[in-house]
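The values are calculated or read from the model by the stated rules, or taken from the named source; none is laboratory data. Remember, it's a predicted structure, so these values are computed and weren't measured experimentally. FYI the Cβ positions are ideal-geometry reconstructions off the backbone, even for glycines, and counts take in every protein chain you see.
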Amino acid sequence: MNSCISRIVRCLPVAVSLLCVGQLEAAEKIKALIVDGQNNHQVWPKSTVMMKQYLEETGQYEVIVERVRFLWNSGREKEWLPRAGARKGEEKNDPIADPDFSPDFSKYAVVVSNFGWNAAGWPESTRKNFEKYMADGGALVVVHAANNSWPEWPEFNKMIGLGGWGNRSDKDGPYVYINDKGEVVRDPQPGPCGKHGPQNEFVVTIRDKEHPITKGLPDFWMHSKDECYSHLRGPAENLTVLATACDTPELQKAGRHEPILMVIQYGKGRVFHTTLGHDTDAFEGVGFIETFLRGTEWAATGKVTRPVPQNFPTAEKPLAQKFEYKEKSQPAK
């Protein structure tokens, strides 16, 4: 009996240690918030679920989705709405502002925007709260059409660095691109803001090989079928271009390499901005998934701990992984 008790006593420190480690790991999960509800890209209900699951599958994140009450343009992917665990909304024919949309941003290490062009504005108090959150050291991830949102919101445009469409013009800032010499060009000339060619596969070129998000990635890699945004403009303050693409004869003739992955410093806050992510094909691309995960971790923590996966795409061939939804019990708000 005494020997049994002795063995139990000797094992107790190990058991307690393992328990403490488990509690520590659970406590240290990164709290992420995805906001959505109105986007001109009908994929948005599904892409929110995809990004949520990608983050959760790393084991690093606890992800919550908050959605405006008045939904717009969710019809094609409506079946995905309840799978995000967000509150139920009312479908409208036009984007209508939700006066009660007021997430507590301070609870989260990072906010992912899956809003899009024509999304109705947030309440003024919510904007101010978000500006303070970011200025005080918050984090934002901007995905594809989220850079189309809210051209009338000056501080948001500083956060995203560059935006597209929404009647943006030279009054909002210069075009920013990289020329054939590898130089960053800030072109103030008047002209439309936001273009893209037909959806296609295109090569992404890494421009900053030492940034934590892009370090170790191939210098060139083929992205899955997507829209390659071009002719973006904005304040471009404290902006670093991490990667570019040049997918049409027009851009190639002009020697324009368009920003695809960017980071921006806003006050003490960090922003990762990816223009990738038009539809399901793009969201299933391994290149999108990995840069999204690396960019989100960097925005939230200032570092990237993920190793580059062996199946990352090459310059010759894109790689995709078909998304399979994994049921998770999460009551709606």
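Residues that are β-branched (Val, Ile, Thr) and crowded, with 20+ Cβ neighbours inside 10 Å number at least 3 in the following helices (runs of 4 or more DSSP H) confined to the range 226-308: 286-301. Assessment of the range 111-121 against the conditions (hydrophobic (A, V, I, L, M, F, W, C) and touching a His at 6+ places or on another chain (Cβ under 9 Å)) yields at least one matching residue. Exactly one of these conditions fails for Thr291: (1) touching a residue at least 40 places away in the same chain (Cβ under 8 Å); (2) more than 11 Å from the chain's Cα centre (by Cα); (3) under 19 Å from His196 (Cβ atoms). Give me its number. Only one criterion is unmet by Thr291, namely (2). Of the residues making up the range 27-45, at least one is assigned to a helix (DSSP H, G or I), at pLDDT below 95 and either surrounded by fewer than 19 Cβ atoms within 10 Å (Cβ to Cβ) or of a type in the set (A, V, I, L, M, F, W, C) (or both).
When the strands (runs of 3 or more DSSP E) confined to the range 91-189 are screened for residues that are crowded, with 16+ Cβ neighbours inside 10 Å and modelled with pLDDT of 95 or more, those reaching at least 2 such residues are found at 110-113, 139-143, 175-178.
Candidates Leu239, Leu232: the one that is under 20 Å from Leu140 (Cβ atoms), of a type in the set (A, V, I, L, M) and in contact with a strand residue (DSSP E or B) (Cβ under 6 Å, 6 or more places away or on another chain) is Leu239. When you scan the range 190-213, how many residues do you find that are aromatic (Phe, Trp, Tyr) and in a loop (DSSP other than H, G, I, E, B)? Adding up the residues that qualify gives 0. Within the span defined as the range 310-322, every residue fails to be within 19 Å of Ala32 (Cβ to Cβ), in contact with a Ser or Thr (Cβ under 6 Å, 6 or more places away or on another chain) and surrounded by 14 or more Cβ atoms within 10 Å (Cβ to Cβ). Looking only at residues of the range 190-200 that are out of contact with any helix residue (DSSP H, G or I) (no Cβ under 9 Å at 6 or more places or on another chain) and within 22 Å of Thr291 (Cα to Cα), we find that the one that is surrounded by the most Cβ atoms within 10 Å (Cβ to Cβ) is His196.
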